[in-house]
Amino acid sequence: MNGTKVSGSASCVGKCKVVNKSFPAQAISKSVEPYGQFFMDTTINTAASKQRGTGRSVASWTFTNSQWAAPSEPTKHSTVDVRCDNALPGAPRQVGCVNLQAVPVISYSLTGPWPEVADHIKDAQATGLPGKYGTTNFLTRLTDQKKIKENRNKACPSSLQRPPGKSCDEYAFASTWQGAKYGSGKFSRRMIDAGQNTNAGKALKGFYAYTRALEGDRFLVWIR
């Protein structure tokens, strides 16, 4: 180890660029660890709408020693693919990035503020409908408002009688490709407390925004 130094660099593959990097040559010792850092940014055209691009950063470091014939071969480490976009429905100018390997999970509690919604989803998933947490039977987001309405109308047509204070709740969600019209043809519906249904729907909408779920993005539902 005596006399050995390490230095590093970074690069970006895809729609990204290195905007700042610092990993100067540093001596290796038992008491001090070498340190470097790199910062990346997306190169999507944020001046235009509905843009998206995927990229990954690659860090590389090399060891040198004056007693060696040549430096070491570079050691490289890559991040996972990251997607950046300004295509989020409802927020077309908001730029954000997500790890594509991570599967977002929305959670509803049987003892939370919307227990009737949670109970319905739990029973629906028990019949084999998709989206159950812990499986790879994903739900995928649907953003076309006309198709969402068609999903909802098939599961909960206006002709269906609603008891006082109740509204029709459907699963899989109308805002997914697994909904009543565009899914497998199997779905569940239940009359539940109207307030719970409305507020749980708002939570789902917020989940989509928070996780930057775009058209076709997958996710799961965890009933606790």
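Brief remarks on what is shown
- The radius of gyration of the Cα set in the chain, together with its Dmax, comes out at 24.7, 85 angstrom.
- Folded to 0 to 90 degrees: helix 145-155 orientation relative to the chain principal axis, Cα: 50
- Taking 19 Å as the cut-off, the amide N atoms of region 88-107 that come nearer than this to a point 7 Å along the Cα-to-beta-carbon line of F39 belong to 95-98.
- Calculated [222 nm] ellipticity per residue, helices only, for the chain: -5500 deg cm²/dmol; basis is -39500 (n - 2.57) per DSSP H run with n ≥ 4, divided by all residues, nearest 500.
- The 3J(HN,Hα) values that the Karplus relation (6.51, -1.76, 1.60; θ = phi - 60°) gives for region 184-200 are, in residue order, 6, x, 9, 7, 10, 9, 7, 7, 10, 3, 5, x, 4, 4, 5, 5, 5 Hz. Gly and Pro appear as x.
- The long axis of helix 115-126 is offset from the longest Cα principal axis of the chain by roughly 80 degrees.
- Ordering I106, I148 from the fewest to the most neighbouring beta carbons within 10 Å gives I148, I106.
- Here the residues M40, M191, M1, ranked from fewest to most Cβ neighbours within 10 Å of their Cβ, fall in the order M1, M191, M40.
- Modelled spin-label separation between V95 and A48, with each label point placed 7 Å from Cα along the Cα-to-Cβ direction: 1.5 nm.
- In this structure the amide hydrogen of D217, modeled in the peptide plane, comes within under 5 Å of the amide hydrogens of R141, none closer than 5 places in sequence on its chain.
- Across region 216-223, computed HN-Hα scalar couplings (Karplus, 6.51 cos²θ - 1.76 cosθ + 1.60, θ = phi - 60°) run x, 5, 8, 7, 10, 10, 10, 9 Hz from first to last residue, x flagging Gly and Pro.
- Fluctuation leader among W61, W177, W114 - the chain, Gaussian network, Cα springs under 10 angstrom: W61
- Value of Rg to Rh for region 93-224 (Rh from inverse mean 1/r over Cα pairs, i.e. Kirkwood): 0.95
- Relative contact order %, the chain, counting alpha carbon pairs below 8 Å whose residues are six or more apart: 18
- Exposure proxy order (Cβ contacts within 10 Å, fewest to most) of I44, I28: I28, I44
Read-outs throughout are calculated quantities, based only on the coordinates presented, and are distinct from any laboratory measurement. Note that the structure is a prediction, hence the values are computed from the model and not measured. In this analysis, Cβ positions are derived from the backbone assuming ideal geometry, glycine residues included, and neighbour counts consider all displayed protein chains.
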